[in-house]
Amino acid sequence: SDMGELHVRSLLVTGANRGIGLGLVQHFLGRPKPPEWVFAGCRDPKGQRAQELQNLVSRHPNLVIIPLDVTDPASIKAAAVRVEEQLGGSGLNLLINNAGMLICNTIDNEKMENMTRIYTTNTVGPLLMSQAFLPLLKKSAQRSLGSALSCSKAAIINMSSSAGSIEEVFLWDQAHIVAYRCSKAALNMLTKCQSLGYREHGILCVALHPGWVHTDMGDSVGHTPPVTVDASVRGMLKVLSSLSEKDTGTLLDWEGKVVPW
């Protein structure tokens, strides 16, 4: 019954071929009233790492896999054109900026190239994605009844982390991951800026901490993470269904709790 308020007509998930991205795609497709369109962005749709996503396509005609590298502006533009064609005049309801990367290093070993690469993927990517898909998000907001912000109207969800919380510095003893932490702290600020810049267009913007999840990325830190993809995604969908005006520009976790900046 908690899921009742979430009416997603169309969504795009970046980094959708594995981990949390794939989990989000699977859960949206499995809903009693699935979206008309689920766009799954991934760098190499034909590759080995996208096999599970490919398997879903045969069973779900509403799933469209989009070649998408969030570090490449040309790739982002091409994806926006492709999605717009497929939507045929209706807007994009929900953009989930999930693609991310992490390189495990101690503070002494962080390198300029890692800082730059990770920032480009985790922070610049969501900026460029949101810019490119803004016209489609605006269209969705305009078509929606009522003025209150919600994920059923139009929303940008940035997958962040409490590892980027300056107050919490989650799991410091397990992993310094300075470049990753800096990129997520910056993503939290981007989310705040987007919430202020896009409120007038009727677009909700929230940063979500999915928990420390048992994925390739989560496992790379060297301990087994406590949260499964399934539990994280279920929790996040529940959070998405309850988001309103008061939540725009905030950082929440998969249980709906506020994470300190």
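The values are calculated or read from the model by the stated rules, or taken from the named source; none is laboratory data. For clarity, every value in this text was computed on a predicted model and none was experimentally measured. Glycine gets a Cβ as well: all are built from the backbone with ideal geometry, and neighbour counts include every protein chain shown. For the accessible areas, the whole protein counts, side chains as well, though only heavy atoms, and no ligand, DNA or RNA atoms are used. Shrake-Rupley method; radii C 1.70, N 1.55, O 1.52, S 1.80 Å.
So the values come out like this:
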item: Relative contact order (%) - criterion: Cα under 8 Å, at least six apart; region: the chain; result: 20
item: At most 12 other Cβ within 10 Å, DSSP loop - GluC sites (Glu not before Pro), segment 1-77; result: none
item: Cα-Cα P(r), the chain, percent of pairs per 5 Å interval; result: 1, 6, 14, 19, 21, 18, 12, 6, 2, 1, 0
item: Among Thr120, Thr250, Thr224: highest mean-square fluctuation, GNM of the chain, C-alpha pairs under 10 Å; result: Thr224
item: Gap separating the Cα centres of segment 179-219 and segment 17-89, nearest whole Å; result: 20
item: Segments 18-24, 102-108 sorted - mean Cβ within 10 Å per residue, highest first; result: 18-24, 102-108
item: Lysines whose Cα lies under 18 Å from that of Lys246, excluding same-chain neighbours fewer than 8 positions away; result: Lys153, Lys192, Lys238, Lys257
item: Rounded percent of accessible protein surface that carbon and sulfur make up, the chain, 1.4 Å probe; result: 54
item: Theoretical FRET efficiency, 1/(1+(r/R0)^6), r = Cβ-Cβ of Glu113 and Arg199, R0 41 Å, to 0.05; result: 0.65
item: Förster radius 35 Å - calculated FRET efficiency between Ser147 and Leu29 (Cβ-Cβ, nearest 0.05); result: 0.70
item: For the chain: accessible area per residue (Å², 1.4 Å); result: 46
item: Per-residue [θ]222 nm for the chain (sum of -39500 (n - 2.57) over DSSP H runs n ≥ 4, rounded to 500); result: -12000 deg cm²/dmol
item: For a label point 7 Å along the Cα-to-beta-carbon line of Asn55, residues of segment 228-261 with backbone N under 17 Å; result: 229-230
item: Whole-angstrom gap from segment 115-132 to segment 143-160, using each part's C-alpha centre; result: 21
item: Set of segment 225-240 residues, backbone N closer than 20 Å to the point 7 Å along the Cα-Cβ line of Cys104; result: 225-229
item: Surface accessible to a 1.4 Å probe, Thr248 within the full protein complex, Å²; result: 10
item: Extreme residue, positive dipole direction of segment 209-261, given options Ser244, His209, His223 (C-beta unit charges); result: Ser244
item: Separation in nanometres of the label points that stand 7 Å from Cα toward Cβ, at Glu255 and Val169; result: 2.4
